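First up is the structure itself, then whatever we jot down about it.
The values are calculated or read from the model by the stated rules, or taken from the named source; none is laboratory data. All values reported here derive from a predicted model rather than from experimental measurement. Heads up, the Cβs are rebuilt from the backbone with ideal geometry, glycines too, and the neighbour counts pull from every protein chain shown.
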Ligand code: ADP
Ligand code: MG
């Protein structure tokens, strides 16, 4: 049983960056406005994520680490209507199987906060502590009990960069949330809550990309498209700077990347991999988020013309006078 759990955990928790991703997404789901990510020592030794969100009371805590326990799915119909970032109820359970986990949390209404130590999906220790509203997850010794996985981690700078990328991607999708990343007491990234996506793009991706942005939007009953292109002639040899957000969540979708690349290349045959950010808000029923356990890959339903509309939106922004 323990082995099965550890293997299942590995499906979701591939490296320290996946822990950071799951925990930040939980913080966002809990309506946090400020999130701090602290990393210390060798990557995986010390990961601490503090938020100012809704927090958990004792009954929430008792459910949070059980596999398939999620507060975010109430009915079966909800499965086809997923709006929150998390919905599988597997992340915390998984993290508790492959690390030493501690949580500090307080809701608005509780008089005192709670501190819990968790291992293998169970709360080993629970006591009251004074805390502000919000939640801190403290993860130590990632993969301490799966030495093979640990051995296959890359060097610290590479693993840290994966974390940095995750934090950047999530930040670009949530301009209204302030996210701070600290490594060994040094602030690596800090964003204030920003009024708009443009400011956030500037503060995360920098002048090279953001100084010359082209923007176009499309609105209809069932979806909203907001696309930004860097109009600086940036050469990229891969899709690393293609950011796709569906309902606020960073996703990968090759169909979308390819249609944008196709239109872009036919108009500007310089660069196969344009730098862009696409924000698509769409009726969740038209998106299948379930195809990959890590939830990055999503599939769009065939019965809508969103891809074609994205293509037109691209054409319009690159050649505004053409139509
Ligand atoms: P899921 O996000 O799919 O529901 P998780 O295992 O990631 O599953 O989290 C389990 C539950 O723990 C969540 O449904 C939520 O109720 C609670 N939870 C996790 N992180 C937080 C947080 N930062 N603040 C408040 N509640 C949280
Ligand atoms: Mg989650």
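So in the stretch 178-204, with the set limited to residues that are crowded, with 20+ Cβ neighbours inside 10 Å and modelled with pLDDT of 95 or more, which one is farthest from residue 243 (Cα to Cα)? I'd like the intermediate steps shown before the answer.
So in the stretch 178-204, the residues crowded, with 20+ Cβ neighbours inside 10 Å come out as 179, 181, 191, 197, 200-201, 204.
Cutting the leftovers down to modelled with pLDDT of 95 or more gives us 179, 181.
On the way: 179: 18, 181: 20 Å.
Residue satisfying both the conditions and the ranking: 181.
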Fill in the blank from the handout: Within the stretch 29-51, restricting to residues that are near ligand 1 (Cβ under 10 Å from one of its atoms) and modelled with pLDDT of 95 or more, the one that is surrounded by the fewest Cβ atoms within 10 Å (Cβ to Cβ) is 31
Exercise for the section: Please find, among 234, 172, 213, 181, the residue that is more than 29 Å from residue 30 (Cβ to Cβ) and touching a residue at least 24 places away in the same chain (Cβ under 8 Å). Expected result: 234
Practice task
Enumerate the pairs (first residue in the stretch 25-44 and closer than 15 Å to residue 181 by Cβ; second residue anywhere and away from ligand 1 (no atom under 16 Å from the Cβ) and assigned to a strand (DSSP E or B)) with beta-carbon separation below 6 Å, excluding pairs fewer than 6 apart on the same chain, so at least 6 apart or on different chains.
Solution key: 37/181; 38/182; 39/183; 40/46
Handout entry: Filter result for residue 194 (touching a helix residue (DSSP H, G or I) at 6+ places or on another chain (Cβ under 7 Å) and more than 21 Å from residue 46 (Cα to Cα))
Key = yes
Handout entry: Filter pass, residue 227 being under 22 Å from the mean Cα position of the chain (by Cα), touching a residue at least 60 places away in the same chain (Cβ under 8 Å), in a helix (DSSP H, G or I) and surrounded by 14 or more Cβ atoms within 10 Å (Cβ to Cβ)
Key = no
Exercise for the section: Return a yes/no flag: does the stretch 69-83 have any residue that is closer than 19 Å to residue 119 by Cβ and modelled with pLDDT under 70. Expected result: yes
Exercise for the section: Determine if the stretch 4-22 includes at least one residue that is at pLDDT 95 or above, within 10 Å of ligand 1 (Cβ to nearest atom), surrounded by 15 or more Cβ atoms within 10 Å (Cβ to Cβ) and in the same structural domain as residue 154 (by TED's automatic domain parsing). Expected result: no
Exercise for the section: Name every residue in the stretch 111-137 that is farther than 21 Å from residue 66 by Cβ and in a loop (DSSP other than H, G, I, E, B), in order of residue number. Expected result: 111, 112, 130, 131, 132, 133
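Only one residue in 133, 100, 125, 106 is within 25 Å of the chain's Cα centre (by Cα), under 29 Å from residue 40 (Cβ atoms), at pLDDT 90 or above and away from ligand 1 (no atom under 15 Å from the Cβ). Which one?
100
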